[in-house]
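**Q** Here it is, the structure, as structure tokens.
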Amino acid sequence: MGIFASKSRPEFDPATDLPNLTGRVMIVTGGNSGIGYTAALHLARRGAKVYIGARNEQRAKAAIERMRAEGLQPGNGEVLWFQLDLSDLRKAKESAEEFLKREDRLDVLVNNAGIMRVPYKIDRTYGLQQNMLVNHVSHFVFTKALLPLLSRTAKEPESDVRIVVLSSDLIRILKEQEVSFRDINDLNKDFRDRWRPDMYRYSLSKLANVLYAKDLQRKLKAEGIPITVMAVDPGSVMTEGVERDPSMLTPIFGPLLKIVLRRLFLTPSEGAYASVFAAASPLVSADRVKYEGAWLVPPGKLGTPPTPHAESTELAAELWKTTETILRSFDL
């Protein structure tokens, strides 16, 4: 998500600006909290059948009960939990394969889940640092396993299949950085020479998200598969993740910062607007070419990524090749 963008009144309202979504099947990864939670709620209120992918069953089911308390009524769509652990590549693939057994169509995939500022740690199994493992590579695996179903749905009459990938305006801090994705070492860059290296690592994974979205769109278009792929900057949102940020937990300064940011940042409900627009707005299907591989900013406007790295076809190809090489080494 973005940082320190001023809060403004949204110009898009899911309650009035979305069509009836009855009969459409959707997945929102990380749908049990934050932006993912409110995106799932907005979509289900319009009739969609929404699966929230989450690791913890108890938390996911508590989130679904909370949705019902917040206005998900009989006659709306339904929200269902399925287990998704993005900290493990094999489990991410297995989750997709389990979903394929449950449904015979998939209209929308929202790759929303992610981790932000975490200590630098290389996963023992896959050799990847946490941000890149969860935010990029696991979603790559998950999406790849679901693509046959997405593609099959896209070929049905009156279909409108979309893949939404959450990125962040924070990729702007990489604008003056030399970036490459030649091998796993580039994906694991620690940025130890930077102030707040955890922010840079997070931003690198978010740059990977937008490059992946654009390259996936190019590949699908080349194959004649009518799926629209978009990368979304949700804006600056006061999510649970932000509330738990280390800067918020410091004495005196932390509580003061929370007060300020709550006034400036979007609520989680507003922060989901760009994701929901990308997932279901009729404006996308009305002018699909304009939105293919697009970068969307709140509440659903076309924008330009804040670093030229995000527009580089060379970087995108490099990232794709390296990601596939890593996955082949694990037979994934």
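**Q** Of all the helices (runs of 4 or more DSSP H) wholly in the stretch 137-243, which have at least 1 residues that are among the hydrophobic types (A, V, I, L, M, F, W, C), under 18 Å from V118 (Cα atoms) and out of contact with any Phe, Trp or Tyr (no Cβ under 7 Å at 6 or more places or on another chain)?
**A** Result: 197-222, 240-243.
**Q** Going by the structure shown, is M116 touching a Phe, Trp or Tyr at 6+ places or on another chain (Cβ under 7 Å) and not aromatic (F, W, Y)?
**A** yes
**Q** Scan the helices (runs of 4 or more DSSP H) fully inside the stretch 270-332 and keep the ones with 3 or more residues being under 17 Å from the mean Cα position of the chain (by Cα).
**A** 273-280
**Q** Restricting attention to the stretch 28-85, and to residues there that are in a strand (DSSP E or B) and of a type in the set (D, E, K, R), which single residue is surrounded by the fewest Cβ atoms within 10 Å (Cβ to Cβ)?
**A** E78
**Q** To continue, here is another question. Yes or no: R105 part of a loop (DSSP other than H, G, I, E, B) and either β-branched (V, I, T) or within 29 Å of P308 (Cβ to Cβ) (or both)?
**A** Against the criterion (part of a loop (DSSP other than H, G, I, E, B) and either β-branched (V, I, T) or within 29 Å of P308 (Cβ to Cβ) (or both)), R105 does not qualify.
**Q** A follow-up question, please. Within the stretch 299-307, is there a residue that is at pLDDT 95 or above, of a type outside the set (D, E, K, R), in contact with a helix residue (DSSP H, G or I) (Cβ under 7 Å, 6 or more places away or on another chain) and farther than 18 Å from I163 by Cβ?
**A** Looking for residues that are at pLDDT 95 or above, of a type outside the set (D, E, K, R), in contact with a helix residue (DSSP H, G or I) (Cβ under 7 Å, 6 or more places away or on another chain) and farther than 18 Å from I163 by Cβ, one finds at least one in the stretch 299-307, hence yes.
**Q** Which of the residues that make up the stretch 175-222 are touching a residue at least 12 places away in the same chain (Cβ under 8 Å), of a type in the set (D, E, K, R) and more than 23 Å from D123 (Cα to Cα)?
**A** K175, K214, D215, R218, K221
**Q** Does the stretch 115-127 contain any residue that is touching a residue at least 12 places away in the same chain (Cβ under 8 Å), assigned to a helix (DSSP H, G or I) and more than 25 Å from A280 (Cβ to Cβ)?
**A** Among the residues of the stretch 115-127, not one is touching a residue at least 12 places away in the same chain (Cβ under 8 Å), assigned to a helix (DSSP H, G or I) and more than 25 Å from A280 (Cβ to Cβ), which makes the answer no.
**Q** List pairs: first residue in the stretch 315-328 and touching a residue at least 40 places away in the same chain (Cβ under 8 Å) and buried (at least 19 other Cβ atoms within 10 Å of the Cβ), second residue basic (K, R) and in a helix (DSSP H, G or I) anywhere in the structure, Cβ distance under 7 angstrom, at least six positions apart or on different chains.
**A** Taking only residues 6 or more apart or on different chains, the pairs are A316/K214.
The values are calculated or read from the model by the stated rules, or taken from the named source; none is laboratory data. Note that the structure is predicted; figures quoted are calculated from it, not measured. FYI the Cβ positions are ideal-geometry reconstructions off the backbone, even for glycines, and counts take in every protein chain you see.
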